[in-house]
Amino acid sequence: MTRILMVCLGNICRSPLAQGILESKLPEDEFYVDSAGTASYHIGSAPDYRSVQVAKLNGIDISHQQARKFKVEDFEKFDIIFAMDQYNENDILHLAKSEAHRQKVKHILNESSNSSKKDVPDPYYGTTSDFKEVYELLDGACQKVASDLLNESAL
Ligand code: 4NP
């Protein structure tokens, strides 16, 4: 079982979408996907209704998810930890206790393109179209992540 964690700030907008999208692209008997936030504001909350909506429009149900905070034990539990932006990546790296932990942390958009690092924009104070843009960015990134993981598991 390969375990993948998606991390953003609040765990209600971007990482729940990233979790739902990646889950939809991988077989659940081989891959476990979860998400978490670096902040505690929304612990226990369902995803933002706009993330739920844009996922549903694309045939993905994320309404059952519940926000939780990233914890140090996640470095042991997960094989790959994808940060949605540079702030999240830095916050997680600050909690890492070893080089092995640090090696697990990746920027989600760095995985999906060869261009210089860009962030998944925080849509919390934005509009429906900002959530659609986030969906498209994450769908492209997760497509690449999923095909790489599936190729590796076939080796
Ligand atoms: P997320 O978005 O990190 O994609 O879940 C945010 C959610 C909540 C807040 C900021 C960003 N907030 O400030 O409460």
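The values are calculated or read from the model by the stated rules, or taken from the named source; none is laboratory data. This one's a predicted model, so the numbers in the text were calculated from it and none came from an experiment. As a convention, Cβ positions derive from the backbone with ideal geometry for all residues, glycine included, and neighbour counts pool all protein chains shown. For accessibility, only protein heavy atoms count, side chains too; no ligands or nucleic acids. Shrake-Rupley method; radii C 1.70, N 1.55, O 1.52, S 1.80 Å.
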**Prompt:** Does Ser63 satisfy the criteria of being open to solvent by less than 70 Å² (accessible area, probe 1.4 Å), more than 25 Å from Ala96 (Cβ to Cβ), more than 13 Å from the ligand (Cβ to nearest atom) and touching a residue at least 12 places away in the same chain (Cβ under 8 Å)?
**Reply:** yes
Going through the stretch 10-46 in order, the residues found to be crowded, with 21+ Cβ neighbours inside 10 Å and farther than 16 Å from Cys142 by Cβ are Gly10, Asn11, Ile12, Ala36, Gly37, Thr38
Screening Phe78, Phe70 for residues that are touching a Gly at 6+ places or on another chain (Cβ under 8 Å) and either without any contact (Cβ under 8 Å) to a residue 24 or more places away in the chain or open to solvent by less than 40 Å² (accessible area, probe 1.4 Å) (or both) leaves only Phe70
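Rundown of residues vs (1) surrounded by 12 or more Cβ atoms within 10 Å (Cβ to Cβ); (2) at pLDDT below 95, yes/no style:
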position	(1), (2)
Asn114	no, yes
Tyr124	yes, no
Gly140	yes, yes
Lys144	yes, yes
Glu152	no, yes
Within the stretch 1-18, the count of residues that are in a helix (DSSP H, G or I) and in contact with a His (Cβ under 9 Å, 6 or more places away or on another chain) comes to 0
Answer yes or no: is there a residue in the stretch 99-106 that is among the hydrophobic types (A, V, I, L, M, F, W, C), in contact with a strand residue (DSSP E or B) (Cβ under 7 Å, 6 or more places away or on another chain), modelled with pLDDT of 95 or more and closer than 14 Å to Ile4 by Cα.
yes
Within the stretch 19-47, of all residues that are in contact with a Phe, Trp or Tyr (Cβ under 7 Å, 6 or more places away or on another chain) and not in a loop (DSSP other than H, G, I, E, B), the one nearest to the ligand (Cβ to nearest atom) is Gly37
